[in-house]
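Enquirer: Sharing a structure below in structure tokens format, with a few things to ask.
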Amino acid sequence: MRSSLRLGGGAGFAGDRLDAPVALAEDGALDYLVLECLAERTIALAQLRRRRDPGDGFDLRLTERIESLLPVLARRRFRLVSNLGAANPQGAAGAIAAIAQRMRIPVKVAAVTGDDVLAALDLDAPAMESGLPLSKYGPIVSANAYLGSEAILPALETGADIIITGRVADPSLFVAPLMHEYGWDPGDIARLAAGTAVGHLLECAGQLCGGYFADPGRKDIPGMATLGFPFAEVDPEGNATLGKVAGTGGRITVATATEQLLYEVTDPHGYLTPDVTADFSRVTLTETAIDRVAVRGARGRPRPERLKVSVGYLAGHIGEGEIGYAGANAVARAELAAEILRQRLERRFDELRFDIIGSTSLHGHAFGRGAHPYEVRLRVAARAATREEAAIVGDEVEALYTNGPAGGGGTRKSVTEQIGIVSTLIDRSLVTSRVTLLEGSARAEAL
Amino acid sequence: MPKLYDLAHCRAGDKGNTSILSLVAYRAEDYPLLVAHVTIDAVGRHLAGIALGEIRRYELPQLRALQFVCEHSLAGGVTTSLALDAHGKSLSYALLEMEI
């Protein structure tokens, strides 16, 4: 058995940087590179694309990501695990096999499916957020269960170089390779909890290395334009040391790791994944060298009985418009513009929002600093059922050029389709995962 | 009066309509000050109009951190909010404006 494994965090969301994972893969001496590319809404949007084209529905940047990483994978022989399959893991695996063939790099690709539970969804089940039945929400377009490590393990056992999933719990992308390599038992709560802490620390990639952290003069981070992505060196017990490649930008410190350990954790005593209920409340972080932080002390309890399901529904369209004002009395003119639009729009839209950008747009009030900024922008947003109706918001803002307060300029307008997300729970017995293996050619083999 | 910004750093995270604010003291000796002054009530008052639901606080002394879990704080939630910062990513710096 190996005495140490290196897992890299090569993406924190679908739109993440493409060069950082290449640098990490090239010089990180990785055993596994994990790309986390699937936010809650990303999979619902992917499902909509798959409806229009059954061959589509996977990550929009799959080609660029895979083309940039395959030559490194061929040289460095790490394995790649990613949820960039989104709504179509088999389609993604096929696309990757085709790219590999074109680049003449022989790889085996495995796809993990079974997270799509739309057909089995109980519309009377309550949404966790509101307690209302799912049927009370708009037309449902996707329902994906969070699969865990046990769905990924059979794919690792095929020997595939690249493992592509749809919706799985983010930390499970890291826990599964550790279970596979070290033979951890699914009932080994302590080790699964340790692995989950590692996965959670790595899953947002750059956020462990000073991204979403830097604050000049207070929390200085060098080299952010070439921020390095992180790896963890994990021993068979689950003890881990976080690090990044020498020469890349960013820093890993106790402070960056503390922020990431607690990031999005609604209960530090009970962080739920399909694998385990992890307890981060006694975790310790210790700097052992520059850009090296040791992680100890994660504990756990048995995994939750049911799986979480992320349900996507059509939530109409949002129409937006902006216009800028500067100089003396700028805020008052922006407020007059808002009042004009309120009178013209409030009967058409149930939900209407006005923000003064540069003053109160983010937090509603300026925390006691009622200063007079030199320039502000008025932003108006409203929700509408149709794209046409939503477009009225931007058109009305534009009409302020000739009908509104003095000196209004620089209008912008947009309409965005909204996908809402709610969560519910499903019995594990209703979710069956499968693995499909593709080797270089298009030959598929169901397991 | 010193601001929280002088004593601690903060990161905001989101789950649905819940904002999670992780507050971390720079120095171990300031952690008890955070525990004493940055209470659930104080945060509720400071974020009035933003944090509209229940607030829970977890103490993590070995990390010098307090974790605030603020329900109904993201104007309906990331995926359907009309707000500009639908994730509430910037709320960390609203908390750090608190005077203590």
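The values are calculated or read from the model by the stated rules, or taken from the named source; none is laboratory data. All values reported here derive from a predicted model rather than from experimental measurement. So basically every Cβ, Gly included, is an ideal-geometry build from the backbone, and we count neighbours across all protein chains shown.
Enquirer: What's the total number of residues in segment A:280-304 that are closer than 30 Å to A:Ser429 by Cβ and hydrophobic (A, V, I, L, M, F, W, C)?
Expert: Residues of segment A:280-304 that are closer than 30 Å to A:Ser429 by Cβ, as a first pass: A:280, A:298-304.
If we keep only those that are hydrophobic (A, V, I, L, M, F, W, C) as well, we get A:280, A:298.
The number of residues fulfilling the criteria is 2.
Enquirer: So which residues in segment B:43-71 are within 7 Å of another protein chain (Cβ to nearest Cβ) and not in a helix (DSSP H, G or I), if there are any at all?
Expert: Matches in segment B:43-71: B:Gly49, B:Ile50, B:Tyr58, B:Leu60, B:Ala65, B:Gln67, B:Val69.
Enquirer: Looking for something assigned to a helix (DSSP H, G or I) and within 28 Å of A:Leu178 (Cα to Cα) - is there at least one such residue anywhere in segment A:50-63? Even if it seems obvious, please write down each step before you answer.
Expert: Within segment A:50-63, the subset assigned to a helix (DSSP H, G or I) is A:50-52, A:62-63.
Next cut, within 28 Å of A:Leu178 (Cα to Cα) only: A:62-63.
Yes, that holds for at least one residue.
Enquirer: Right, another one. What pairs can you find where one residue is in segment A:415-432 and farther than 29 Å from B:Leu84 by Cβ, the other is assigned to a helix (DSSP H, G or I) and among the acidic types (Asp, Glu), and their Cβ atoms are less than 7 Å apart, with a gap of 6+ or different chains?
Expert: none
Enquirer: Conditions first: (1) free of Cβ contacts under 8 Å to residues at least 24 places away in the same chain; (2) touching a strand residue (DSSP E or B) at 6+ places or on another chain (Cβ under 8 Å). A:Leu208 passes all but one, so which condition is the exception?
Expert: The single condition A:Leu208 does not satisfy is (1).
Enquirer: Check whether at least one residue in segment A:217-234 is in contact with an Asp or Glu (Cβ under 8 Å, 6 or more places away or on another chain) and in a strand (DSSP E or B), and report yes or no.
Expert: no
Enquirer: So, in segment A:375-385, exactly how many residues are surrounded by fewer than 21 Cβ atoms within 10 Å (Cβ to Cβ) and within 26 Å of A:Ser310 (Cβ to Cβ)?
Expert: 1
Enquirer: Based on what the data block shows, is A:Asp350 surrounded by fewer than 18 Cβ atoms within 10 Å (Cβ to Cβ) and away from chain B (no Cβ under 14 Å)? Can you show your working first?
Expert: Details: surrounded by fewer than 18 Cβ atoms within 10 Å (Cβ to Cβ): yes; away from chain B (no Cβ under 14 Å): no.
Against the criterion (surrounded by fewer than 18 Cβ atoms within 10 Å (Cβ to Cβ) and away from chain B (no Cβ under 14 Å)), A:Asp350 does not qualify.
Enquirer: Right, here's the next one. Kindly establish whether B:Ile55 is within 13 Å of the chain's Cα centre (by Cα), modelled with pLDDT of 95 or more, buried (at least 18 other Cβ atoms within 10 Å of the Cβ) and at negative phi.
Expert: yes
Enquirer: Only one residue in A:Arg6, A:Arg17, A:Arg75, A:Arg104 is part of a helix (DSSP H, G or I) and at pLDDT 95 or above, so which one is that?
Expert: A:Arg75
Enquirer: Then there's this: Working carefully through the options B:Glu59, B:Glu29, find the one that is under 30 Å from A:Lys308 (Cα atoms), out of contact with any helix residue (DSSP H, G or I) (no Cβ under 6 Å at 6 or more places or on another chain) and among the charged types (D, E, K, R).
Expert: Exactly one residue qualifies, and that residue is B:Glu59.
Enquirer: Right, something else. Across segment A:266-310, which residue is farthest from A:Gly195 (Cα to Cα) among those that are within 12 Å of chain B (Cβ to nearest Cβ) and among the small types (Gly, Ala, Ser)?
Expert: Filtering segment A:266-310 for residues that are within 12 Å of chain B (Cβ to nearest Cβ) and among the small types (Gly, Ala, Ser), the one farthest from A:Gly195 (Cα to Cα) comes out as A:Ser310.
Enquirer: In the list A:Ala160, A:Ala193, which residue meets the criterion of being hydrophobic (A, V, I, L, M, F, W, C) and assigned to a loop (DSSP other than H, G, I, E, B)?
Expert: A:Ala160
Enquirer: Would you check which residues across segment A:386-416 are outside any helix (DSSP H, G or I), of a type outside the set (Ser, Thr, Tyr) and surrounded by 13 or more Cβ atoms within 10 Å (Cβ to Cβ) and list them? If you could, list the steps in order and put the result at the bottom.
Expert: Start the filter on segment A:386-416 by keeping residues that are outside any helix (DSSP H, G or I), which leaves A:386, A:399, A:404-416.
Add one more test, that the residue is of a type outside the set (Ser, Thr, Tyr), and what stays is A:399, A:404-410, A:412-413, A:415.
Scanning segment A:386-416 gives A:Ala399, A:Gly404, A:Pro405, A:Gly407, A:Gly408, A:Arg412, A:Lys413, A:Val415.
Enquirer: In segment B:9-17, is there at least one residue being in contact with an Asp or Glu (Cβ under 8 Å, 6 or more places away or on another chain), assigned to a strand (DSSP E or B), in contact (Cβ under 8 Å) with a residue 60 or more places away in the chain and surrounded by fewer than 15 Cβ atoms within 10 Å (Cβ to Cβ)?
Expert: No, the conditions are met nowhere in segment B:9-17.
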